[in-house]
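Nothing in this text is a laboratory measurement; each read-out follows from the coordinates by a stated rule. As the structure is a prediction and not an experimental result, all values here were calculated from the model. In this analysis, Cβ positions are derived from the backbone assuming ideal geometry, glycine residues included, and neighbour counts consider all displayed protein chains.
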Amino acid sequence: MTERIREFLHKRNDEGPCLVVDLDVVRDNYNAFAKALPDTRVFYAVKANPAPEVLALLAKLGSCFDTASIPEIEMVLAAGATPDRISYGNTIKKERDIARAYTLGVRLYAVDCKAEVEKIARAAPGSRVFCRILSDCVGADWPLSRKFGCEPAMAADVLEHALKAGLEPCGVSFHVGSQQRNQHAWDRALASAAAVFKECGERGMNLSMVNLGGGFPTKYLKNVPSVKTYGNAIFKALRKHFGNRIPETIIEPGRGLVGNAGTIEAEVVLVSKKSEEDDVRWVYLDIGKFGGLAETMDESIRYPIRTPRDGDVLAPCVLAGPTCDSADVLYEKEPYMLPVSLEIGDKVLIEGTGAYTATYSSVAFNGNVTTRTRRSATGSSSPRSRLPAQTGHGAAGSHENAQSATTSISGSSAARPRTAVDFPVPLGPSIRTPPTAGLTAFTRSACLRRSWPTIAVNGYGSFS
């Protein structure tokens, strides 16, 4: 957690759980990827954290964007990116969404079967397509299922079908699993990709691009290799499998770009035991799986948690959220060690939460109804921290019924004119706190149970 986040949380009004993202950390992470893989284009995985301030910063830095829906594409365009910097990387797309993306200027699409190819051929004629292949995900803390991708042996058929349908088959993609702590995982996937290149070449198709996917980790409780280490390992694997004919490469970092930039402040609601003889306490927070900590599912991601009583004697506890769903338990199979002196009302800091938290939070579970969407932009004398007010596009769906609000915080804490613009993006929520340079905060106001739910994962709208 950075000093600026600590200062902001110290000054803020208490409006329930709050996620704060330090944009300078995002900037540093982007530059680290660009330096570690200088010949590789960065396509930020928008689903990790689609906050307008994050997107605007990355667009200004020159990043490209991996999107999964029309709302994500529209948010990226609103942030200042051009269509040629956008990949529609979801292999499961409605044909009308493909047509909309094509109208918006997007010309790069992911596929993993012939049926998806046919939709793109009809709705986005002449576009470039790459075929996603399956990867074993060994070494990942959050392995991916077989939902996306095809067996490598099938990829050449899919790409040949694209060629015959009037599309441009340009390459192969894969994903080695989220929070992948083994830098050599890309070697196995690149071996499969090289085999697809060879097969396609024998059929008269000269592929030109390998999408190396995401999987780059952030530090939670366990150390992870540096971005430079991943860059060196990937380059060696590329040389090993492609020799001197290394194709164009792109990466899709999400967690690795924004994960360590965010911290959630939450509150202890209850500390209890299930029996007088029980040695394990239950600690309930005002945020849980439905408020944004969905990645604690199966206890896959274990976040670092700081308390005001760190240094006191520790004891195991079950950590749970506040909702009336029995699944809202964060850590039970492996109890979490917290100070025995922890009390109701104590604030805790959950670190490494800049990715896959705000976008995973629910709309209105247990009465968590959010307020009208609002984007506030403050002026600043510092070009580094100034972000443009966004007007424009947002997710389809019931935003009028379930909306959230965000506030961009930039510049010094001195009073200055503010501009509030309605901006229906699927992000949460509002703050009423003195601005702090280069930070973006998400909290919640005017709700029955305080949390900071958002409208959509991958930009998809909620049910109306």
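Modelled this way, with points 7 Å down the Cα-to-C-beta line, the labels at A153 and L221 are 4.1 nm from one another. Among the GluC sites (Glu not before Pro) found in the range 77-173, not one is both in a DSSP coil and sparsely packed, with 10 or fewer other Cβ atoms within 10 Å of its Cβ.
Mind running the shape call on the range 23-259? Use the C-alpha gyration tensor, a ≥ b ≥ c as the square roots of the eigenvalues: rounded below 1.5 for a/c, prolate if a/b tops b/c, oblate otherwise. It would help to have the intermediate numbers written out before the result.
On the way: a/c = 1.73, a/b = 1.14, b/c = 1.52.
Verdict is oblate for the range 23-259.
A simple packing score, the average count of other Cβ atoms within 10 Å per residue, orders the peptides 276-285, 189-198 as 189-198, 276-285, with the highest score first. Peptides 202-209, 48-55, 355-362, 336-343 ordered by packing proxy, namely the average of other Cβ atoms within 10 Å per residue, highest first: 48-55, 355-362, 336-343, 202-209.
In a fully extended conformation the segment linking K273 and D312 would gain 12.1 nm over its present Cα-Cα distance, using 0.36 nm per residue. Legend: distances between Cα atoms for K119/K289; K93/K164; K222/K274; K222/K347; pairs beyond 29 Å are K119/K289; K222/K274.
Counting charges near G171 (Lys, Arg +1; Asp, Glu -1) among other residues having Cβ under 12 Å from its Cβ returns a value of 0. Could you tell me the center-to-center distance, by alpha carbons, between the range 17-87 and the range 297-331 in angstrom? Cα centroid to Cα centroid, the span is 30 Å.
The equivalent ellipsoid of the range 260-349 has semi-axes of 18, 16, 12 Å, largest first, where each one is the square root of 5 times an eigenvalue of the Cα gyration tensor.
Packing, taken as the mean count of other beta carbons within 10 Å per residue, orders the peptides 233-240, 22-29 from highest to lowest as 22-29, 233-240.
For the range 211-219, the Karplus equation 6.51 cos²θ - 1.76 cosθ + 1.60, evaluated at θ = phi - 60°, returns couplings of 8, 6, x, x, x, 5, x, 10, 7 Hz by residue, with Gly and Pro reported as x.
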